[in-house]
Amino acid sequence: MFKWALENEKGGLVRNIAKDVPKLKHTTKGHHPWTDAEREQYKARHPVGTMARLAYELFFHTGQRIGDVWNFGPHHIINGMLVFTQEKNKARKPVQLELPIMPDLQTALNAIKTGVQTFLVRHDGESFASKKSFANWFKDRCKEAGLPDRCSAHGIRKASATFHANNGATTIELMAVHGWRSLRSAEGYVRAANQKELATRAMKRGIAKG
């Protein structure tokens with residue numbers, strides 16, 4: 001608003017006073033990454049052959065956001081790969097990914113009748129009307145599994161990144177899977193995995209010599 005007032009004579013301003021206001025400092029830990037125990041609890045409640053389990057496998061084995069998982073369908077499978085453009089920043093800076101379909105995901109796909117346009121469908125066989133309605137549906141499935149409110153769909157994306165990092169994935173590899181453009185997004189997961197590995201190795205040496 002102040003910028004407009006400066007650029008227009010009728011605004012009556014000679015200085016943008018908004019620039020003098022310091023930015024509010026806000027810190028957050030973000031979405032809670034699902035623990036191994038939480039992932040197993042969800043899978044125990046929703047076995048292979050249910051739509052709820054397919055949703056989980058799509059989240060975990062693609063590492064994608066809810067807008068992408070909601071939209072995944074048979075037409076995205078090309079030559080055995082899941083090929084798609086991420087929904088986020090699709091209009092400005094599109095990120096196209098090709099991901100292998102992991103065995104657990106393939107098993108879940110084979111075990112249930114999916115939709116024609118989208119893999120995930122409602123009980124009536126129709127695709128979810130929006131990613132918001134799908135998000136609400138998935139939240140209910142988490143509640144059915146007895147998971148705390150902190151467990152969200154995005155938390156599985158973070159759990160996926162943690163899983164791959166703990167299994168030796170590099171920063172560049174995590175970026176290739178999750179579609180991050182910046183190193184910063186992936187480095188935190190790699191640092192945490194490296195810290196765990198280095199600490200374990202150091203303490204095991206200490207036990208051996210103690």
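Here, each number is a calculation from the coordinates, and none is a lab measurement. On a predicted model such as this, the values are computed, not experimentally measured, just so you know. Backbone-built Cβ (ideal geometry, glycine too); neighbour counts: all protein chains shown.
At-a-glance table
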| read-out | value |
| --- | --- |
| Cβ charges +1 (Lys, Arg) and -1 (Asp, Glu), total dipole of the range 147-210, debye | 260 debye |
| Net +/- balance of residues flanking ARG141 in space, Cβ distance below 10 Å, scoring K and R +1, D and E -1 | +2 |
| FRET efficiency, 1/(1 + (r/R0)^6) with R0 35 Å, evaluated for ASN16 and GLN195 via beta carbons | 0.20 |
| Charge tally in the Cβ shell below 12 Å around VAL95, where Lys, Arg are +1 and Asp, Glu are -1, VAL95 excluded | +3 |
| Local net charge near ALA153, Cβ-Cβ under 9 Å (Lys/Arg +1, Asp/Glu -1) | +3 |
| Point-charge dipole on Cβ atoms (K/R +1, D/E -1) for the chain, about Cα centre, debye to 20 | 880 debye |
| Förster-model FRET efficiency, 25 Å R0, ASP104 and SER182, C-beta, rounded to 0.05 | 0.30 |
| Largest-first ellipsoid semi-axes for the range 33-110, taking √(5λ) over the Cα gyration tensor eigenvalues, angstrom | 24, 15, 10 |
| Linear extension gain, HIS123 paired with VAL83, 0.36 nm per residue minus alpha-carbon span | 11.8 nm |
| Packing-based ranking, highest mean first, of 168-179, 46-57, 115-126 given that Cβ atoms within 10 Å are counted | 46-57, 168-179, 115-126 |
| Share of alpha-carbon pairs per 5 Å distance bin for the chain, given as whole % | 1, 6, 12, 15, 15, 13, 10, 7, 6, 5, 5, 3, 1, 0, 0, 0 |
